[in-house]
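The values are calculated or read from the model by the stated rules, or taken from the named source; none is laboratory data. Model, not experiment: these values are computed from the prediction. For neighbour counting, all protein chains shown are included, and Cβ atoms are generated from backbone atoms with ideal geometry for every residue, glycine included.
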Amino acid sequence: MNKGSLEAMEPLLGDLDEPVEPTQPKPVKTRFPKQWLLLFMIALLLYNAAVVTMTLTHTVSELDPPYSPAHSVIKQERHRLWDGEPTIYAQSPSPQVDAAWEDLLAGVNVRVTREEMVLAGENMTNAAQLLNGDYLAVLGVYHQIHCLDILRKGLHMDYYTSKITESDRLRNMNTAHYDHCVERLRRAIMCHADLSIYSAEWVADSHEPEPKILRSNGESNCLNWNAVETWARGRALERKKFYLRPGPFEKERGPSG
Ligand SMILES: *[C@@H]1O[C@H](CO)[C@@H](O)[C@H](O)[C@H]1NC(C)=O
(Lines give C-alpha, C1' and ligand atoms only; values in the text may rest on other atoms or scores of the structure.)
Protein backbone atom coordinates (compact mmCIF):
# COMPACT_ATOMS: atom_id res chain seq x y z
CA MET A 1 0.00 0.00 0.00
CA ASN A 2 1.23 3.48 -0.88
CA LYS A 3 1.02 5.37 2.39
CA GLY A 4 2.18 8.67 0.93
CA SER A 5 -0.72 9.20 -1.52
CA LEU A 6 -3.32 8.14 1.02
CA GLU A 7 -2.13 10.73 3.49
CA ALA A 8 -2.22 13.37 0.76
CA MET A 9 -6.02 12.93 0.69
CA GLU A 10 -6.50 13.32 4.40
CA PRO A 11 -7.03 17.09 4.47
CA LEU A 12 -9.91 16.78 1.96
CA LEU A 13 -11.74 14.16 3.93
CA GLY A 14 -10.93 16.01 7.12
CA ASP A 15 -12.99 18.92 5.86
CA LEU A 16 -16.09 16.76 5.84
CA ASP A 17 -15.57 15.20 9.26
CA GLU A 18 -14.59 16.15 12.75
CA PRO A 19 -11.00 17.44 12.92
CA VAL A 20 -8.61 14.51 13.32
CA GLU A 21 -5.55 14.54 15.52
CA PRO A 22 -2.66 14.09 13.10
CA THR A 23 -0.70 11.95 15.55
CA GLN A 24 -3.52 9.46 16.23
CA PRO A 25 -3.27 6.05 14.64
CA LYS A 26 -5.51 5.61 11.58
CA PRO A 27 -6.79 2.05 11.55
CA VAL A 28 -8.82 2.59 8.37
CA LYS A 29 -5.61 2.76 6.37
CA THR A 30 -5.03 -0.91 6.74
CA ARG A 31 -8.63 -2.01 6.12
CA PHE A 32 -9.69 0.04 3.09
CA PRO A 33 -7.61 0.09 -0.07
CA LYS A 34 -7.11 3.60 -1.51
CA GLN A 35 -9.33 2.73 -4.52
CA TRP A 36 -12.38 2.70 -2.23
CA LEU A 37 -11.46 6.07 -0.85
CA LEU A 38 -11.11 7.47 -4.38
CA LEU A 39 -14.45 5.96 -5.43
CA PHE A 40 -16.10 7.39 -2.35
CA MET A 41 -14.74 10.85 -3.10
CA ILE A 42 -15.79 10.69 -6.75
CA ALA A 43 -19.28 9.57 -5.73
CA LEU A 44 -19.45 12.44 -3.25
CA LEU A 45 -18.37 14.95 -5.90
CA LEU A 46 -20.92 13.59 -8.41
CA TYR A 47 -23.64 13.74 -5.78
CA ASN A 48 -22.78 17.34 -4.96
CA ALA A 49 -22.69 18.25 -8.66
CA ALA A 50 -26.12 16.63 -9.16
CA VAL A 51 -27.63 18.48 -6.20
CA VAL A 52 -26.23 21.81 -7.39
CA THR A 53 -27.44 21.20 -10.96
CA MET A 54 -30.92 20.24 -9.79
CA THR A 55 -31.14 23.32 -7.58
CA LEU A 56 -30.05 25.61 -10.40
CA THR A 57 -32.31 24.09 -13.07
CA HIS A 58 -35.25 24.15 -10.70
CA THR A 59 -34.75 27.88 -10.16
CA VAL A 60 -34.54 28.83 -13.84
CA SER A 61 -36.89 26.32 -15.47
CA GLU A 62 -40.58 26.98 -16.00
CA LEU A 63 -43.13 25.56 -13.63
CA ASP A 64 -45.89 23.55 -15.21
CA PRO A 65 -48.89 25.82 -15.75
CA PRO A 66 -51.68 25.28 -13.21
CA TYR A 67 -54.95 23.75 -14.40
CA SER A 68 -57.24 25.81 -16.58
CA PRO A 69 -60.14 24.66 -18.74
CA ALA A 70 -58.43 26.75 -21.48
CA HIS A 71 -55.22 24.74 -21.12
CA SER A 72 -55.33 23.53 -24.71
CA VAL A 73 -54.77 27.03 -26.10
CA ILE A 74 -51.34 27.51 -24.55
CA LYS A 75 -49.12 28.37 -27.50
CA GLN A 76 -46.29 30.83 -27.09
CA GLU A 77 -44.95 33.19 -29.68
CA ARG A 78 -42.51 36.10 -29.75
CA HIS A 79 -43.84 39.65 -29.81
CA ARG A 80 -41.97 42.90 -30.19
CA LEU A 81 -41.98 44.78 -26.89
CA TRP A 82 -42.23 48.17 -28.50
CA ASP A 83 -44.28 48.89 -31.57
CA GLY A 84 -44.61 52.49 -32.64
CA GLU A 85 -47.97 51.95 -34.31
CA PRO A 86 -50.84 53.22 -32.10
CA THR A 87 -53.94 51.03 -32.14
CA ILE A 88 -57.62 51.90 -31.77
CA TYR A 89 -57.39 51.05 -28.04
CA ALA A 90 -55.06 54.01 -27.52
CA GLN A 91 -57.44 56.55 -29.03
CA SER A 92 -59.74 59.04 -27.29
CA PRO A 93 -63.28 57.79 -26.69
CA SER A 94 -65.61 57.49 -29.65
CA PRO A 95 -68.26 54.98 -30.69
CA GLN A 96 -65.58 53.15 -32.75
CA VAL A 97 -63.27 52.92 -29.73
CA ASP A 98 -66.12 51.63 -27.54
CA ALA A 99 -67.03 49.04 -30.16
CA ALA A 100 -63.40 47.85 -30.29
CA TRP A 101 -63.21 47.43 -26.50
CA GLU A 102 -66.58 45.70 -26.40
CA ASP A 103 -65.43 43.29 -29.10
CA LEU A 104 -62.18 42.66 -27.21
CA LEU A 105 -64.29 41.72 -24.18
CA ALA A 106 -66.75 39.51 -26.08
CA GLY A 107 -65.37 36.42 -24.30
CA VAL A 108 -65.36 37.90 -20.79
CA ASN A 109 -68.14 35.68 -19.38
CA VAL A 110 -67.75 32.01 -20.20
CA ARG A 111 -69.41 28.74 -19.29
CA VAL A 112 -67.42 26.04 -17.48
CA THR A 113 -68.60 22.63 -16.33
CA ARG A 114 -68.81 21.49 -12.72
CA GLU A 115 -65.90 19.11 -13.40
CA GLU A 116 -63.75 21.97 -14.66
CA MET A 117 -64.65 24.07 -11.61
CA VAL A 118 -63.52 21.23 -9.33
CA LEU A 119 -60.29 20.64 -11.31
CA ALA A 120 -59.58 24.37 -11.05
CA GLY A 121 -59.97 24.09 -7.26
CA GLU A 122 -62.94 26.46 -7.13
CA ASN A 123 -65.17 26.57 -4.08
CA MET A 124 -68.58 25.20 -5.16
CA THR A 125 -70.48 26.65 -2.17
CA ASN A 126 -72.62 29.52 -3.50
CA ALA A 127 -70.95 29.32 -6.95
CA ALA A 128 -73.05 31.19 -9.54
CA GLN A 129 -74.71 28.54 -11.68
CA LEU A 130 -76.30 28.87 -15.10
CA LEU A 131 -79.77 27.56 -15.85
CA ASN A 132 -78.37 24.58 -17.80
CA GLY A 133 -76.21 23.48 -14.86
CA ASP A 134 -72.82 24.88 -16.00
CA TYR A 135 -71.13 27.68 -14.10
CA LEU A 136 -70.24 31.29 -14.80
CA ALA A 137 -66.49 31.93 -15.11
CA VAL A 138 -64.06 34.61 -16.29
CA LEU A 139 -60.49 33.93 -17.45
CA GLY A 140 -57.87 35.93 -15.54
CA VAL A 141 -56.77 37.78 -18.67
CA TYR A 142 -60.37 38.94 -19.28
CA HIS A 143 -60.69 40.19 -15.72
CA GLN A 144 -57.58 42.26 -16.37
CA ILE A 145 -58.80 43.64 -19.71
CA HIS A 146 -62.12 44.50 -18.05
CA CYS A 147 -60.21 46.38 -15.34
CA LEU A 148 -58.19 48.28 -17.94
CA ASP A 149 -61.40 49.22 -19.74
CA ILE A 150 -62.96 50.46 -16.48
CA LEU A 151 -59.90 52.60 -15.72
CA ARG A 152 -59.94 53.95 -19.28
CA LYS A 153 -63.58 54.98 -18.90
CA GLY A 154 -62.80 56.50 -15.51
CA LEU A 155 -60.15 58.68 -17.14
CA HIS A 156 -62.73 59.93 -19.64
CA MET A 157 -65.71 60.45 -17.35
CA ASP A 158 -66.63 63.67 -19.20
CA TYR A 159 -67.42 61.48 -22.18
CA TYR A 160 -68.93 58.52 -20.33
CA THR A 161 -71.07 60.11 -17.56
CA SER A 162 -74.05 60.51 -19.89
CA LYS A 163 -73.51 57.08 -21.47
CA ILE A 164 -73.32 54.70 -18.53
CA THR A 165 -76.29 53.31 -16.69
CA GLU A 166 -76.93 53.89 -13.00
CA SER A 167 -76.19 50.27 -12.17
CA ASP A 168 -72.94 50.43 -14.16
CA ARG A 169 -71.96 53.53 -12.21
CA LEU A 170 -72.72 51.88 -8.89
CA ARG A 171 -71.03 48.61 -9.77
CA ASN A 172 -68.05 49.67 -11.86
CA MET A 173 -67.45 53.40 -12.16
CA ASN A 174 -66.49 54.25 -8.61
CA THR A 175 -63.26 54.85 -6.73
CA ALA A 176 -63.35 51.55 -4.84
CA HIS A 177 -63.57 49.65 -8.12
CA TYR A 178 -60.81 51.74 -9.72
CA ASP A 179 -58.53 50.98 -6.77
CA HIS A 180 -59.38 47.28 -7.07
CA CYS A 181 -58.50 47.42 -10.76
CA VAL A 182 -55.15 49.16 -10.16
CA GLU A 183 -54.27 46.44 -7.65
CA ARG A 184 -55.39 43.63 -9.95
CA LEU A 185 -53.32 44.98 -12.83
CA ARG A 186 -50.30 45.63 -10.61
CA ARG A 187 -50.31 41.98 -9.53
CA ALA A 188 -50.77 40.69 -13.08
CA ILE A 189 -47.98 42.89 -14.44
CA MET A 190 -45.58 41.83 -11.70
CA CYS A 191 -46.57 38.17 -12.06
CA HIS A 192 -45.71 38.18 -15.75
CA ALA A 193 -42.67 40.43 -15.10
CA ASP A 194 -41.48 41.41 -18.56
CA LEU A 195 -37.67 41.41 -18.47
CA SER A 196 -36.98 42.69 -21.97
CA ILE A 197 -35.38 46.13 -22.02
CA TYR A 198 -36.15 49.53 -23.43
CA SER A 199 -33.37 51.94 -24.19
CA ALA A 200 -33.60 55.71 -24.11
CA GLU A 201 -33.19 57.61 -27.31
CA TRP A 202 -32.50 61.35 -27.59
CA VAL A 203 -35.11 63.03 -29.77
CA ALA A 204 -34.61 66.70 -28.83
CA ASP A 205 -32.43 69.21 -26.97
CA SER A 206 -32.11 68.12 -23.34
CA HIS A 207 -33.88 71.31 -22.17
CA GLU A 208 -37.07 70.37 -23.99
CA PRO A 209 -39.86 68.89 -21.81
CA GLU A 210 -39.52 65.46 -23.43
CA PRO A 211 -36.01 65.22 -24.86
CA LYS A 212 -35.82 61.44 -24.95
CA ILE A 213 -38.21 58.55 -25.46
CA LEU A 214 -38.10 54.87 -24.62
CA ARG A 215 -37.67 52.47 -27.50
CA SER A 216 -36.98 48.77 -27.67
CA ASN A 217 -35.91 46.07 -30.05
CA GLY A 218 -36.66 43.54 -27.32
CA GLU A 219 -39.13 40.72 -27.58
CA SER A 220 -41.42 38.99 -25.08
CA ASN A 221 -42.84 35.49 -24.98
CA CYS A 222 -46.60 35.92 -25.31
CA LEU A 223 -49.51 33.56 -25.55
CA ASN A 224 -51.10 33.50 -28.96
CA TRP A 225 -54.07 35.80 -28.36
CA ASN A 226 -56.05 34.38 -31.26
CA ALA A 227 -56.07 30.98 -29.59
CA VAL A 228 -57.15 32.44 -26.23
CA GLU A 229 -59.91 34.51 -27.85
CA THR A 230 -61.18 31.63 -29.98
CA TRP A 231 -61.47 29.46 -26.87
CA ALA A 232 -63.24 32.18 -24.87
CA ARG A 233 -65.63 33.16 -27.67
CA GLY A 234 -66.47 29.50 -28.19
CA ARG A 235 -67.81 29.41 -24.62
CA ALA A 236 -68.92 33.02 -24.31
CA LEU A 237 -72.15 33.89 -22.53
CA GLU A 238 -73.63 36.71 -24.51
CA ARG A 239 -74.02 39.84 -22.45
CA LYS A 240 -77.47 40.23 -20.88
CA LYS A 241 -78.62 37.07 -22.66
CA PHE A 242 -77.78 34.41 -20.12
CA TYR A 243 -79.58 33.51 -16.92
CA LEU A 244 -78.29 32.42 -13.56
CA ARG A 245 -80.08 30.22 -11.08
CA PRO A 246 -81.08 32.21 -8.00
CA GLY A 247 -78.35 32.42 -5.39
CA PRO A 248 -78.85 31.74 -1.66
CA PHE A 249 -79.32 35.42 -0.76
CA GLU A 250 -82.48 36.20 -2.78
CA LYS A 251 -85.14 38.20 -0.95
CA GLU A 252 -88.84 38.14 -1.75
CA ARG A 253 -89.17 41.33 -3.78
CA GLY A 254 -91.49 40.37 -6.58
CA PRO A 255 -90.58 40.50 -10.27
CA SER A 256 -87.36 42.40 -11.02
CA GLY A 257 -87.17 45.17 -13.61
C1 LIG B 1 -66.22 27.93 0.52
O2 LIG B 1 -67.07 29.06 0.51
C3 LIG B 1 -67.90 29.19 1.65
C4 LIG B 1 -68.83 30.36 1.43
O5 LIG B 1 -68.10 31.53 1.18
C6 LIG B 1 -67.05 29.32 2.90
O7 LIG B 1 -67.87 29.38 4.03
C8 LIG B 1 -66.11 28.12 3.01
O9 LIG B 1 -65.22 28.30 4.09
C10 LIG B 1 -65.30 27.95 1.72
N11 LIG B 1 -64.55 26.71 1.80
C12 LIG B 1 -63.25 26.70 1.61
C13 LIG B 1 -62.62 25.35 1.67
O14 LIG B 1 -62.58 27.70 1.37
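Across the stretch 129-139, which residue is nearest to the ligand (Cβ to nearest atom) among those that are surrounded by 14 or more Cβ atoms within 10 Å (Cβ to Cβ) and under 18 Å from Gly234 (Cβ atoms)?
Start the filter on the stretch 129-139 by keeping residues that are surrounded by 14 or more Cβ atoms within 10 Å (Cβ to Cβ), which leaves 129-130, 134-139.
After this cut, where a residue has to be under 18 Å from Gly234 (Cβ atoms) as well, the list is 130, 134-139.
Numbers: Leu130: 19, Asp134: 19, Tyr135: 14, Leu136: 16, Ala137: 16, Val138: 18, Leu139: 21 Å.
Among residues in the stretch 129-139 that are surrounded by 14 or more Cβ atoms within 10 Å (Cβ to Cβ) and under 18 Å from Gly234 (Cβ atoms), the one nearest to the ligand (Cβ to nearest atom) is Tyr135.
Considering Ile150, Ile145, Ile164, the condition of being more than 16 Å from the ligand (Cβ to nearest atom), touching a helix residue (DSSP H, G or I) at 6+ places or on another chain (Cβ under 9 Å) and part of a loop (DSSP other than H, G, I, E, B) is satisfied by Ile164 alone.
If you check Asp103, Asp168, Asp158 for being free of Cβ contacts under 8 Å to residues at least 12 places away in the same chain and under 17 Å from Trp231 (Cβ atoms), only one passes: Asp103. If only residues of the stretch 66-107 that are at pLDDT 90 or above, of a type in the set (Ser, Thr, Tyr) and out of contact with any Leu (no Cβ under 7 Å at 6 or more places or on another chain) are counted, the one that is nearest to His146 (Cα to Cα) is Tyr89. Quickly run through the stretch 108-128 and pick out the residues that are outside any helix (DSSP H, G or I), more than 16 Å from the ligand (Cβ to nearest atom) and not β-branched (Val, Ile, Thr). Passing the criteria: Asn109, Arg111.
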